[in-house]
Structure formats: structure tokens, C-alpha cells
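These notes concern the structure reproduced below.
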Amino acid sequence: MGGADDDGPPSKRVKVTAGRLRSLSNGTSLIEPASCSLSFSMARPLASEGDDEFVGPKGIVRKVEFVRIIAEALYSLGYKKTGAHLEEESGIQLHSSAVNSFMLQVLDGKWDESVVTLRKIGLADESIIKLASFVILEQKFFELLEGEKFMDALKTLRTEIAPLCLNSDRVHELSSCIVSPSHCYLFGVSGQDSIRVKSRSKLLEELQRLLPPTVMIPEKRLVHLVEQALTLQRDSCKFHNSFIEEMSLLIDHQCGRDHIPSHTLQVLNGHNNEVWFLQFSHNGKYLASSSSDRTVIIWEVEVYGRVSLKRKLVGHQKPVSYISWSPDDHQLLTCGVEEVVRRWDASSGECLHVYEKGGLGVVSCAWAPDGRRVFTGLTDKSVIMWDVDGKELECWKGHRTSNISDLGITCDGKHIVTICKDTRILLFGWESKAEQIIEEDQPIISFALSSDGKFLLVSLLNEEIHLWNIEGHVNLLAKFKGHKRSRFVVRSCFGGLEQAFIASGSEDSQVYIWLRSSGELIMTLPGHSGAVNCVSWNPGNPHMLATASDDRTIRIWGLKDVKLKHNGTLTCSNGHYCNSGT
């Protein structure tokens, strides 16, 4: 009879301490058995008690799979003892003993044994077995070459790799390595530029991707599932406007309307007449505004979100209708109404150059993406390309533009976007001379390019805003309605995180915001006392929006609970600041 230890039921736990732990480059650990005997009869992955158990209220998560991916996550994070303890306590192995033996054989370079074991780990698909064998034997081939065992490498190629009848082109490449080993570095492996003997741990990772997940748990599977869950939550979040680092695993993610900038944080009073245009710099650290008072103001967005006057630019003889930041945000183009374009140093406020054409007025301006050229539209409907110092490089005459002060250059610098007639937008390849036309059925008031240059937002006379795809095949994607426009130029913009929202000014003194994906009007922002002419969403901060109005003010909109630093203190934004620019 047994001793005292026989009183209880036999243990159902798999002891993992009988062997030694071996770590892989990805953090995974293998349990190396005390005996290397392969006299097991494993035809399928090891089944553990609890295969039919489920965890979670919905009954869709299998306990065995759940425990295995947790164990893999622990090992990949470097918690090897904890992972081994989980396997021991749960009685559920991360990998079967056959798979563990296979992995150890690969790491030890026991190529022939690993190919034999490959057929004992539960693979039903012969094609996967052959493909994995090819990968293993190719590694064997290269290691033999590296050791200058050329005859053994040739034998492996002829008697082991070639009979698999896989990838004949690859076999021919390998054979050329026998003739000239230096050729090995000319062939690509898995999209790489050169062949070199990969580490055995990298080989094991490649095999892990080949084999079914029931046999070998994919690397970092738990992390992948969690990322997938967060991505799905983000994608289903109707008002998503939060940075990814603000998402937490501890609560379900859901942005509300309070994540959209809808509360006035500041009112800027630097202009003494109607404010016609404004635009944030590409890095979001500055805001430039222009007015019918013929001035341009550069505002600085401080660290805590407060906006303060940096420079007032004086020199235009007519109202300033358009602004364009240089790609590096160090300079600024400003366009007077049928006057000239001025280039300014944004830091010092110095006017660096004036672009003008004798007898003609300039109506629009834009930078080339390289920052070395400037484009302007003229009153004779031509477009001129200048170098930054004012040398005319090229001129395209004809109906290339209209008197509307909008001009865009795509991100690749190859296409000019202009309004060529009342109802037409021209996409002109200035190098290729290719032309594409967007035809609207209503007069065009203004347009705005998306930050990636792939989409165009077109404001129309009939109080509609149309979203067009201009990459490849031009097509209309969506329409946005609700804002008011009857007499003035009203501008719209893309904005928010990943430019998921559309905002527009309106002659009813309100700001309108839509969901880009559905066209749904989700918010109107009251506050201005005159027509809202222009809107600009901060590209560096999805929670900041600026609006320009005929009431001579600029409003900075943000979140309700944002606090701005003022005179060394943090002040709640339930009210708002007034800033006279002093």
C-alpha cells in the first residue's frame, strides 16, 4: 500500500520544474526536459483537462486557450518563473512536450531531428509540414556554407531541399551559392535586401508564424487581442477625438461631445476691423490672422494653451484675404485683395519679399512642399511659380484661376488646385500638364485641402459643403448642410484627430461642426456677434479650434474642463479670457 502521500487524489498538474528554462530572443521560455527521448506518440497538440470549459459571462472564451495566451504573454514580458508557475498550477501547458522538443532541436541546430519531430506535433496539413521543412533545411544549408562545408551543403540541397518540390526558383538561387558563395548576399529573403544566416531564434519566430496557432501560440497574441479591442472601441466611438495614449485598458473607451472643442477659452481683440482669414501653423504652435484693417497678426499658442499676440505685420495697402504658412512654419505668405503677396519672417516680423506682376493684382498664394517655390494666382486668371527670391520660373496662362483667393498645392508638389470657373475646380499637373476637372452644379465660394492632400472640401453658393476624393479617380464622397451663407465668403476646414470632423463658419454668427464619416451635424457653437468668415482647427491639438468673425474678434474654442495658465496661475475655462494683444 502507499504511504501518507497516497491519501489524497493524484495530482493533475503538470510539473514544469523537472527540466530547465531556456529563453528565446522574444522573451518566450522553453521547458527543456530532463530526458531528450522522443519516444512519445503525440499525433495532436496536448489536450488538457478543462478543454470544454469557458470563462466570461458570454461563454465564448475557452479556458485552455485563455490560459495559454496569458502564459505566452508572461514569458514574452520576461516573467519566466511566473509563466512556468501558471502552467504548473493550471495544469495547462503553453506548448505540448512534442512542440517544446521541436523548438529546442531548432535552437540546438539538430536539423534532421527537428524535421522528424515536425511530423509528430499534430500538423494535419502536409503543405505546412513541407514548407516548414524547407525553412529549416534552408537554415541548415546556410549554416553549412558559413562553416565552409560546401559538399555537405550541396548534399543537403540535392537530397533534402530539392525533393520537397517547393519554390524551384529559390532552389536555383541556393545552387548558385554553391558555385559562388558571394552570390548568397545578392538574393533577398522575405523581402530583405540580402541573405545572411539568420539567428536560430529568428528562425524559430519564422516557424512560429508558419505553424497553426493551436500548435504554437502566435507571438504576443494577448497584446494583439488587446490592441484589436482598443482599435474596435476607437473605431466605434462616434465622437472620437482623444489621443491613443488617453485610452485605458481599465475602462471601455467612449468619447462624448465634450471631447469636441465647443467652449470659448479666449476672445482675441487684436484687429480693429472684420477678421477675414486665419490659419494655424503646421505644428500648431502659431496662429496667423488677417483682416480688412490691412494687417496680419501672428499669435503664439503657449505651452498651456493660452494664445498671445506675437507679431503684428503691417505693409499691405488693401485688406488681407489669404495666408499660407511655409512648410517649416518659419515664414508666412500674405495676400492683399488684388494687390501683392508678401513673404514675412514669422519670428522677426520682417517683410522678406514682395511678389507682384506689373499691371496685375494677385488674388491667391501657396507654398510648394519643398519650401523653395511660391505659387500665386493673378487677376488675369494665370498662375505663376516663383522661386522664394522672386524670380519668375513659369507662368500658366488661360483660365487657370479665378478671382477667388484659394490656391492649393498637393503634398507631392505635383498638382495645383485652383478654381478655374465659377463651378469648376482644376487639378493641374504642372509637370505632366495633365488636367482633371471637378464640376459642381453651383458656384464655388471657397475650398480647403486635407492635410494629406487627398481630399478637397468645397463650399458652395447653395449652402452646401462637398467632400471630394482627389487621389486617383476623382469622386464625390459626402455633402454637409446646415450653415448659412448668402453674401460673403465663408470658409470650412478639416479638423480633429485624424481630421474626423468638418467645421465651417456661417453668416448666422455660429460655427457648425459635422462628422466627416456620416455627414451628421453634431454641434453649433454660438458666441460671435457677426458672420463667422473662417475656421481653423489646430493640427497639433485636436481640442483647439479658432474662428474669425466680422465682429472683429477671434475666438479660441476648447474643452470645458481645460485650464489655461495666466499670470502664473491655472484658471478654469468656464468663463473666457479677453486679450487685447498687449
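Odds and ends about this structure:
- Residues in the stretch 511-529 that are crowded, with 21+ Cβ neighbours inside 10 Å and either at pLDDT 95 or above or closer than 13 Å to ALA546 by Cα (or both): VAL511, TYR512, ILE513, TRP514, LEU525, HIS528.
- The stretch 91-109, subset open to solvent by 20 Å² or more (accessible area, probe 1.4 Å) and in a helix (DSSP H, G or I), residue farthest from ALA71 (Cα to Cα): LEU107
- Count of residues meeting criterion [without any contact (Cβ under 8 Å) to a residue 60 or more places away in the chain, assigned to a loop (DSSP other than H, G, I, E, B), within 19 Å of ARG294 (Cα to Cα) and over 35 Å from the mean Cα position of the chain (by Cα)] in the stretch 333-385: 4
- Checking each residue in the stretch 420-440 for being of a type in the set (Val, Ile, Thr) and under 19 Å from SER451 (Cα atoms) picks out only ILE425.
- Looking only at the stretch 75-90, and only at residues there that are of a type outside the set (Ser, Thr, Tyr) and in contact with a helix residue (DSSP H, G or I) (Cβ under 7 Å, 6 or more places away or on another chain), the one that is surrounded by the fewest Cβ atoms within 10 Å (Cβ to Cβ): LEU86
- Residue match in the stretch 121-134 (condition: within 17 Å of VAL197 (Cβ to Cβ), open to solvent by 10 Å² or more (accessible area, probe 1.4 Å), out of contact with any helix residue (DSSP H, G or I) (no Cβ under 7 Å at 6 or more places or on another chain) and of a type in the set (D, E, K, R)): no
- Sole exception among (1) part of a helix (DSSP H, G or I); (2) in contact (Cβ under 8 Å) with a residue 40 or more places away in the chain for ASN273, by number: (1)
- Residue match in the stretch 340-357 (condition: modelled with pLDDT of 95 or more, open to solvent by 50 Å² or more (accessible area, probe 1.4 Å), in contact with a Ser or Thr (Cβ under 6 Å, 6 or more places away or on another chain) and more than 19 Å from HIS415 (Cα to Cα)): no
- Single residue of the stretch 246-258 satisfying the filter (modelled with pLDDT of 80 or more and over 25 Å from THR553 (Cβ atoms)) that is surrounded by the most Cβ atoms within 10 Å (Cβ to Cβ): ASP252
- Residue that is least open to solvent (accessible area, probe 1.4 Å) [pool: residues in the stretch 306-330 that are of a type outside the set (D, E, K, R), within 18 Å of HIS282 (Cβ to Cβ) and assigned to a loop (DSSP other than H, G, I, E, B)]: SER326
- Among the residues making up the stretch 446-491, none is outside any loop (DSSP other than H, G, I, E, B), open to solvent by 30 Å² or more (accessible area, probe 1.4 Å), of a type in the set (Phe, Trp, Tyr) and within 25 Å of ASP551 (Cα to Cα).
- Scanning the stretch 410-445 for residues that are in a loop (DSSP other than H, G, I, E, B), farther than 13 Å from ALA366 by Cβ and either open to solvent by 20 Å² or more (accessible area, probe 1.4 Å) or in contact (Cβ under 8 Å) with a residue 60 or more places away in the chain (or both) yields ASP412, LYS414, ASP422, THR423, GLU431, SER432, LYS433, ALA434, ASP441, GLN442, PRO443.
- Residue in the stretch 193-242 that is nearest to VAL115 (Cα to Cα), counting only those that are polar (S, T, N, Q) and surrounded by 17 or more Cβ atoms within 10 Å (Cβ to Cβ): GLN208
The values are calculated or read from the model by the stated rules, or taken from the named source; none is laboratory data. On a predicted model such as this, the values are computed, not experimentally measured, just so you know. Ideal geometry is used to build each Cβ from the backbone, glycine not excepted, and the neighbour counts take in all protein chains shown. Surface areas here come from the heavy atoms of the whole protein model, side chains and all, with no ligands, DNA or RNA. Shrake-Rupley method; radii C 1.70, N 1.55, O 1.52, S 1.80 Å.
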